[in-house]
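The values are calculated or read from the model by the stated rules, or taken from the named source; none is laboratory data. None of these values were measured; they are calculated from a predicted model. Heads up, the Cβs are rebuilt from the backbone with ideal geometry, glycines too, and the neighbour counts pull from every protein chain shown. With ligands, DNA and RNA removed, areas are computed over all heavy atoms of the protein, side chains included. Shrake-Rupley method; radii C 1.70, N 1.55, O 1.52, S 1.80 Å.
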Amino acid sequence: MSRQDGGTPGIPETQGDGAATGGSTADAAGGSAGAPAGARRGRPRSEGVERAVFDAVGGLLDEGVPLAELSIERIARTAGVGKATIYRRWTGKEELFVDLLRSMEPPDPVLSGTSVRGDLVILLESMRARGVAKRTSSLLHNAFAQMQLYPRLWEVYHHTVIEPRRRLSLDTVRRGMEQGEIRDDLDIEFVNDLLTGPLLLRTVIRPGASLEPGLAERVVDTVMEGLRPRD
């Protein structure tokens, strides 16, 4: 019986992906039907298996294999594991690819919860570090470039990676308003855009622009100067 990878619409899979290559149909399903998207299922992850799978995907991308041709079957064969092993760890290619990208990025920032200015600097510095990582890693740059060609995959990445970071930033701005460090007569989303905009501009729209150390502090201090509560 054949099965689909559960992959992105518009990303065709190679033939034979449902063949028995390391597990039963039930194993390949990775768990019970109706499990929430992105939920971890099956046995705990083995770091060795995860690394082998990530290296396989990265190696194939480095060789110029398009994302559309990265079926679970091909990834499993390259990594030297069964398809069931992959499906026990990821619901499909979307989740696997997002986890690979996350593994190559700097870790998520840890905020102090005390100084709003300090936490905003930490958040923007994490954006700067990610921008530097994308520039210095050909694999990361290639993976992002390919991912944005597939709306469904980009949606998964946005929902599981970008949106949680955005909420963290919005919560920090809200805390600044509540503590009197930022004017509270402005829209929170607008204030957040003022803070994150310069980093997004330099990492997305102008990928060759400077991302020098200290940029996060300069942006936060400049913007907050104009956001101080009025007397």
Quiz item: Scanning the range 177-218 for residues that are among the basic types (Lys, Arg) and not in a helix (DSSP H, G or I), which turns out surrounded by the fewest Cβ atoms within 10 Å (Cβ to Cβ)?
Solution: ARG206
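Matching residues to (1) farther than 30 Å from GLU212 by Cβ; (2) touching an Asp or Glu at 6+ places or on another chain (Cβ under 9 Å):
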{"residue": "ALA79", "(1), (2)": "yes, yes"}
{"residue": "ASP108", "(1), (2)": "no, no"}
{"residue": "ASP119", "(1), (2)": "no, no"}
{"residue": "LEU124", "(1), (2)": "no, yes"}
{"residue": "THR136", "(1), (2)": "no, no"}
Exercise. Please work out if LEU120 is within 20 Å of VAL191 (Cβ to Cβ), open to solvent by less than 20 Å² (accessible area, probe 1.4 Å) and of a type in the set (A, V, I, L, M).
Key: yes
Quiz prompt | Members of the range 120-137 found to be at pLDDT below 90 and of a type in the set (S, T, N, Q), listed by number | solution = THR136, SER137
Quiz prompt | Residues located in the range 80-96, provided they are in a helix (DSSP H, G or I) and either open to solvent by 30 Å² or more (accessible area, probe 1.4 Å) or modelled with pLDDT under 90 (or both) | solution = LYS93, GLU94, GLU95
Quiz item: So, of the residues in the range 129-146 that are in contact with a Lys or Arg (Cβ under 8 Å, 6 or more places away or on another chain) and open to solvent by less than 60 Å² (accessible area, probe 1.4 Å), which turns out to be farthest from VAL57 (Cα to Cα)?
Solution: GLY131
Quiz prompt | Test: residue in the range 64-72 that is open to solvent by 20 Å² or more (accessible area, probe 1.4 Å) and either touching a Cys at 6+ places or on another chain (Cβ under 7 Å) or not in a helix (DSSP H, G or I) (or both) | solution = yes
Self-check item: Selection from the range 147-156 of residues that are assigned to a helix (DSSP H, G or I) and open to solvent by 30 Å² or more (accessible area, probe 1.4 Å)
Solution: PRO151, ARG152, TRP154, GLU155
